[in-house]
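Note sheet for the following structure.
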Amino acid sequence: MGIFDGLRRDVTESSELDWNLMLDLDFSDDTSMRSYLKVMAVDTVLNFVGRTMSTVKIGIDNKDWDYVLNVKPNSNDSASSFWQKFFYNLMAKNEVLVIFTDDNQLLIADSYFRNEYAVFDDTFSSVTVKNYTFQRTFRMSEVVFLKYNNDKLSKFTKGLFDDSGELYGRILEVAMRNNQIRASVGIDSTGTLKDDKDAGGRTRTEKLQGFINKVYNSYRTNSVAIVPKMKGFEYEEYTNKQGVSNQSLEELSKMATSLIDDIANMIGVPTALIYGEKSEMDSNTKAYKKLCIMPLMEKLKDELTVKILTKQEYFGGQRIKVFGVLPSDPLELATQADKLVSSGMFYIDEARDMFEYEPLPDGRGQIQLITKNYEQTLKGGEEKNDED
């Protein structure tokens with residue numbers, strides 16, 4: 001069935017922003033700081049949308065495709081895991097490529113090269129998955145390919161992170177300096193600290209530094225630290241005697257929040273949902289679904305319709321339905337649904353479709369129902385006017 005019949009492909013896997021790169025960052029470097037901020041802000045928002053879209057369901061009148069799309073897309077992913085990675089890649093990379101194997105597996109490409117043509121199908125070569133590059137070339141008509149925006153998200157965020165990275169580094173430096181532990185060690189010594197070594201091969205300076213390190217480690221690692229008090233050796237800490245301001249830490253938090261807000265606004269996600277705020281939850285959820293989720297669902301529906309259904313099947317009435325993401329609660333909207341049906345404005349099946357329910361069997365949902373409150377009562381008046 002459909003255009004995917006007879007295709008031969010290989011395995012692929014989606015890739016996310018690489019958090020392993022963050023382990024080697026030098027936060028004194030502005031470039032590293034910008035990378036950290038970008039990963040933190042972008043990953044927070046895109047993972048939120050990806051988790052939301054992981055509940056998506058595909059309605060199709062074909063058991064084989066229903067199993068692949070809604071149960072097990074490939075041997076390594078469940079449907080929810082697959083769709084979460086699918087939409088994460090779509091937004092993070094601005095596009096996503098999915099190929100179909102001869103053993104009925106949907107696979108997300110890590111990297112590829114797109115060859116564009118004016119009249120003929122574009123082709124995809126050098127498709128790479130988990131360090132394996134496939135030798136064959138895939139045509140556009142053989143794959144699922146979605147593009148998110150005309151411009152990449154990185155184009156909008158580049159200037160944002162260039163300026164914020166340096167400022168964030170400065171604030172972090174001030175915060176570390178404000179919370180630095182400062183202490184002094186007083187030594188009563190009548191001799192000089194020469195480099196003469198003892199029998200163990202250590203100078204007096206090295207032995208003294210070793211003792212100081214032991215005292216410091218005891219204070220740093222133990223909740224209760226007791227060290228011997230030696231004559232001529234005094235340790236005094238100044239940090240706890242001075243007021244420490246938390247202003248820098250608050251500024252760091254505000255800057256990180258501001259960057260997340262900017263990315264969320266670009267994607268169309270109300271920031272209150274990301275932070276888990278309870279106020280205006282319903283209105284924010286409706287805005288989130290309308291501005292962010294529904295466009296993604298529509299893109300997926302259009303692409304699957306083009307790539308799975310043939311022209312004859314489409315003209316024959318077959319349709320692909322994408323649903324299951326932030327569905328409306330029928331109990332909360334029961335009164336409104338009753339008004340739509342009882343006024344005769346909608347059939348029962350049309351009202352059920354709004355809540356993503358299947359039509360009633362035997363066409364029972366295609367009967368127009370109108371209550372007496374909505375019936376026209378002109379019969380008596382018309383007869384009276386005729387008599388007059």
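The values are calculated or read from the model by the stated rules, or taken from the named source; none is laboratory data. Note that the structure is predicted; figures quoted are calculated from it, not measured. Methodologically, a virtual Cβ is constructed for each residue, glycine included, from the backbone with ideal geometry; neighbour enumeration extends over all protein chains shown. Heavy atoms of the whole protein, side chains included, go into the accessibility calculation; ligands, DNA and RNA do not. Shrake-Rupley method; radii C 1.70, N 1.55, O 1.52, S 1.80 Å.
Modelled label positions at Tyr219 and Lys152, each set 7 Å beyond Cα in the direction of Cβ, lie 4.9 nm from each other.
Accessible area per residue for segment 285-352 is 59 Å², calculated with a 1.4 Å probe on protein heavy atoms, without ligands, DNA or RNA.
Count the net charge of all other residues whose Cβ sits under 15 Å from the Cβ of Tyr347, scoring Lys and Arg as +1 and Asp and Glu as -1. It works out to a net charge of -3.
Residues whose amide H lies under 5 Å from that of Lys57, counting only those 5 or more places away or on a different chain, are Phe323, Gly324, Val325; hydrogens are built 1.01 Å from N in the peptide plane.
Nonpolar atom fraction for segment 65-165, defined as the carbon and sulfur part of the 1.4 Å probe accessible area, stands at 48 percent. Of interest is the spacing of the C-alpha centroids, which for segment 35-78 and segment 276-323 amounts to 13 Å. Modelled spin labels at Ser81 and Ser111, positioned 7 Å past Cα toward Cβ, are 2.4 nm from each other. Compared with the direct C-alpha span, the chain from Asn62 to Ala199 gains 40.7 nm at full extension, assuming 0.36 nm per residue. Each label point was placed 7 Å from the Cα along the Cα-to-Cβ direction; for Ser342 and Thr55 their separation is 2.9 nm.
Each of the peptides 304-313, 81-90 was scored by the mean count of other Cβ atoms within 10 Å over its residues; in descending order, highest first, they stand as 81-90, 304-313. FRET efficiency for the Thr371 to Glu280 pair, using the beta carbon distance and R₀ = 30 Å, is estimated at 0.30. Its Cα gyration tensor gives segment 85-132 an equivalent ellipsoid, and the semi-axes of that ellipsoid, as √(5λ) in whole Å with the largest first, are 18, 15, 11. Were the residues from Thr335 through Glu313 laid out at 0.36 nm apart, the gain over their Cα-Cα distance would be 4.1 nm. Counting only Cβ charges, +1 for Lys and Arg and -1 for Asp and Glu, the dipole size of segment 310-352 around its Cα centre is about 240 debye.
Legend: calculated FRET efficiency, Glu356 to Lys72, from the Cβ-Cβ distance at R0 = 30 Å, rounded to 0.05, equals 0.85.
Filter Lys301/Lys321; Lys339/Lys372; Lys57/Lys152; Lys63/Lys321; Lys93/Lys152 down to the pairs with a C-alpha to C-alpha distance above 18 Å, please. Beyond 18 Å between Cα atoms: Lys57/Lys152.
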